[in-house]
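The values are calculated or read from the model by the stated rules, or taken from the named source; none is laboratory data. Being a predicted model, the structure only gives us computed values, none of them experimental. All Cβ positions, glycine included, derive from the backbone under ideal geometry; neighbour counts span all protein chains shown. Heads up: the accessible areas ignore ligands, DNA and RNA and are worked out on the full protein's heavy atoms, side chains in. Shrake-Rupley method; radii C 1.70, N 1.55, O 1.52, S 1.80 Å.
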Amino acid sequence: MDKDKRIETLKKLLSGKKYEEALTLAGKLTDEGSPEGEVALAELYYDGKGVKKDEVEAFIHASRAAEKGNADAEYLLGTLYMNDKDMMQDNDKALEMFQKAAEQGHALACQRLGFLYLDGKIVPKDEEKAETWFHKAARIYENGADENRDPEIYALGMMYLSGNGIRQDRQKAFGLFQKIAFRGEPYGQQMVGLCFLRGWGTGKNPGKAAEWMRKAAENGDIKARNFMGSFYAFGTGVEQDYKKAFEWYKKAADHGDSNGQTAVGQLYRAGRGVEKSIPKAIEWFKKAAEQGNPAALCHLGTLYLCDRAAGIDQKKGMELLHKAAEKHYGGAARYLGDAYKLGVGVEKDETKALEWYKKALDWGDSQARKNLIELGYNGQEVGSYLETLKHTVQ
């Protein structure tokens, strides 16, 4: 087998996590003077894969490959110079190595330089330079020379999506998410689905949102499973089907996801997609509440406050609602307003009810608007209050 074919075999062994076989082949290539073999050995020693972790050995092999101009080795050397506090830390050398790799079109090196200029700890903070390096990384990824760096592509996509550390560009974010989604990465598929759902960087398309979210859900993405539950519950991009909604939420819940557990509890409480069962609703709400899920705390609180099937315990109900409210959960604040307005579990107090309804609006619960109006606020007063809070009520 010629050298080029053996290098391709080495890459396949590494991507297939056959580290011991990769170590053997990398050693043989290294003996023949191959920088690809040297850098593979350096990475295996650095990560401790197929061999005991040894940063000195990693440094030796990376140095040899870097002398031959290997960009991967230059990037790894930069990482070693920056992170090894006990032996070889040298921030100037690290910067030099990252720049050499970046000049050769090494996307990770470009990204690292972007973060260094954004952070400003070892180079003067320069947001313009940071953005320039992030853009270079994006172009390299877009042109296909990404070396299967899906987590890094995802991270850059999230930066473009949010505008955090870089000027917002949702079209670029969408393109980066698509790149990893087409390779079957569930977190990329989930973000492509979300972009189609929200119209981020592409036109809104609920059908495509559901299509991509289903792929992510079937590939094990927990958030996507919850989205599929909500899609079927509300008929978003699919025909409304509470039974299927329950099935998807349950898949998330069975993996310990508190949002999925809360949704399963809600469906048991309402008897949608499954036979109504308050005891089972409480069981699932408790699982999510134990993880601090504010919606679960709120739903559990309302059950104890006024549902006979739950075994009314108004003191416990109020405690749970307050716990949810401490997390600024708007629904809990609204229910506390109701409790004070009606005198359920507490003495009737319209002043406190008003305070809680205002907090509910402040924390995003638009239903509290109606409650404020019922307490004597007119629509104009509520609108003025909302404008003060800079909160848009849907």
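If you take the residues in the stretch 86-114 that are charged (D, E, K, R) and over 25 Å from residue 150 (Cβ atoms), which one is most open to solvent (accessible area, probe 1.4 Å)?
86
Which number in (1) open to solvent by 30 Å² or more (accessible area, probe 1.4 Å); (2) over 23 Å from residue 123 (Cβ atoms) marks the one condition that residue 61 misses?
Single failed check for residue 61: (1).
Pairs only if they're at least six apart or on different chains, beta carbon under 9 angstrom, first in the stretch 89-103 and farther than 14 Å from residue 63 by Cβ, second at pLDDT below 90 and part of a helix (DSSP H, G or I); list them, first residue then second.
Once the first residue is farther than 14 Å from residue 63 by Cβ and sits in the stretch 89-103, its partners that are at pLDDT below 90 and part of a helix (DSSP H, G or I) give 89/82; 89/83; 91/82; 95/82; 98/82.
Looking at 27, 50, which is the one that is more than 29 Å from residue 96 (Cβ to Cβ), surrounded by fewer than 24 Cβ atoms within 10 Å (Cβ to Cβ), among the small types (Gly, Ala, Ser) and out of contact with any His (no Cβ under 7 Å at 6 or more places or on another chain)?
50
Just the residues that are open to solvent by 50 Å² or more (accessible area, probe 1.4 Å) and aromatic (Phe, Trp, Tyr), please, taken from the stretch 333-353.
Matches in the stretch 333-353: 335 only.
Listed here are the residues, each with its yes/no results for (1) surrounded by fewer than 19 Cβ atoms within 10 Å (Cβ to Cβ); (2) farther than 29 Å from residue 140 by Cβ; (3) over 21 Å from the mean Cα position of the chain (by Cα).
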position	(1), (2), (3)
184	yes, no, no
191	no, no, no
196	no, no, no
203	yes, no, yes
218	yes, yes, no
224	no, no, no
240	yes, yes, yes
243	yes, yes, yes
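Could you tell me which residue of the stretch 274-316 is surrounded by the most Cβ atoms within 10 Å (Cβ to Cβ), considering only residues that are of a type in the set (D, E, K, R) and over 15 Å from residue 260 (Cβ atoms)?
Looking at residues that are of a type in the set (D, E, K, R) and over 15 Å from residue 260 (Cβ atoms), I get 316.
Out of all the residues in the stretch 115-170, which are open to solvent by 70 Å² or more (accessible area, probe 1.4 Å), within 23 Å of residue 72 (Cβ to Cβ) and within 21 Å of the chain's Cα centre (by Cα)?
Result: 115, 148, 149, 151.
Open to solvent by less than 30 Å² (accessible area, probe 1.4 Å) and farther than 24 Å from residue 140 by Cβ: does that describe residue 41?
When the stated conditions are applied, residue 41 passes them.
Taking the stretch 171-182, which residues are open to solvent by 30 Å² or more (accessible area, probe 1.4 Å) and hydrophobic (A, V, I, L, M, F, W, C)?
Selection gives 182 alone.
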